[in-house]
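This report concerns only the one structure given below.
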Amino acid sequence: DAGVIQSPRHEVTEMGQEVTLRCKPISGHDYLFWYRQTMMRGLELLIYFNNNVPIDDSGMPEDRFSAKMPNASFSTLKIQPSEPRDSAVYFCASSLYEISYNEQFFGPGTRLTVL
Amino acid sequence: DAKTTQPPSMDCAEGRAANLPCNHSTISGNEYVYWYRQIHSQGPQYIIHGLKNNETNEMASLIITEDRKSSTLILPHATLRDTAVYYCIVRDNYGQNFVFGPGTRLSVLP
């Protein structure tokens, strides 16, 4: 398996623009997580899904952030409009309850820079 | 609120054992201790977890004190590739999300 795939790996955009980050979880995994990592706040959970349904979005910073999972193999995290303080590395992770319940597999991350 | 405390940084000589401590004095009976690490510019990677017994796998050993208020992650023969930030996390078996603290930055020195 190729592991968790994220795209793009790097994104540079200007304030006010819409940004869409993409994630393909490991095939067969039923949980998907979005994290954000900054120097100031460390690694924070934003939202997670179980069987494509959002379970906990309490970490989503504000209404400018939205996440969807239209099917088991794809998820997006959208920021509209983007702001410089959104600059961070965004990680997607997936896990499978029955087999690797205790282990989340992380993707390589998307480094977002908002100018 | 942080459930664990770890030293911010540690050094270890290559080839030696690296012992990374973690305090979790408020851990409850159904909470597990997990360790993840994050090598620079990569996503975190699972290492090991345990409840109350010591655990060992191909990567590391986890020693949990009898009162479960602290634990130690042991990398038996540290290599330069083990240089990373190591996160100690406590979580019960019903939760799904991991709360990552600042971790310990381990530097393995040649």
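Taken together, the values in this text are just the output of simple stated rules run on the coordinates, not laboratory data. Every value quoted in this text rests on a predicted model; they were computed, and no experiment measured them. Note: ideal-geometry Cβ built from the backbone for every residue, glycine included; neighbour counts use all protein chains shown.
Phi-derived couplings, Karplus 6.51 cos²θ - 1.76 cosθ + 1.60 at θ = phi - 60°, listed residue by residue for region A:12-24: 10, 9, 9, 3, x, 7, 7, 10, 10, 9, 10, 9, 10 Hz, with x used for Gly and Pro. Short-range pairs are left out: with C-alpha atoms under 8 Å and at least six residues apart, the relative contact order of chain B is 36 percent.
Think of it as helices only: each DSSP H run of n ≥ 4 in the protein assembly as shown is worth -39500 (n - 2.57), and spread over all residues that comes to -500 deg cm²/dmol at 222 nm.
P(r) tail, the protein assembly as shown: Cα-Cα pairs separated by more than 32 Å, 20% of all pairs.
Only lysine pairs 8 or more places apart or on separate chains count here, and in the protein assembly as shown those with Cα atoms under 19 Å apart total 6.
Once C-alpha pairs closer than 8 Å and six or more residues apart are averaged by separation and normalised to the residue number of chain A, the relative contact order reads 37 percent.
Taking all Cα-Cα distances within chain A, those exceeding 24 Å account for 19%. By the Cβ distance rule (another cysteine Cβ under 4.7 Å), the unpaired cysteines of the protein assembly as shown are B:CYS12. Working note: Cα gyration tensor of region A:64-115, eigenvalues times five, square-rooted, sorted largest first, giving semi-axes of 26, 14, 8 Å. Positive-end ranking of B:GLY43, B:THR79, B:ALA60 along the dipole of chain B, with charges on Cβ about the Cα centre, is headed by B:GLY43. Look at the stretch A:82-94: the mean tally of other chain Cβ atoms within 10 Å of its residues' Cβ atoms is 1.
Computed with the Debye formula from one identical point scatterer per Cα of region A:1-46, without solvent, the log10 of I(q)/I(0) at q = 0.21, 0.33 Å⁻¹ comes to -0.95, -1.18. Among the residues of A:104-114, the average count of other protein chain beta-carbon atoms within 10 Å of the residue beta-carbon is 3. Dipole magnitude for the protein assembly as shown: about 320 debye, using +1 per Lys or Arg Cβ and -1 per Asp or Glu Cβ, origin at the Cα centre. Three semi-axes describe the equivalent ellipsoid of chain B; taken as square roots of 5 times the Cα gyration tensor eigenvalues and ordered largest first, they are 22, 15, 12 Å.
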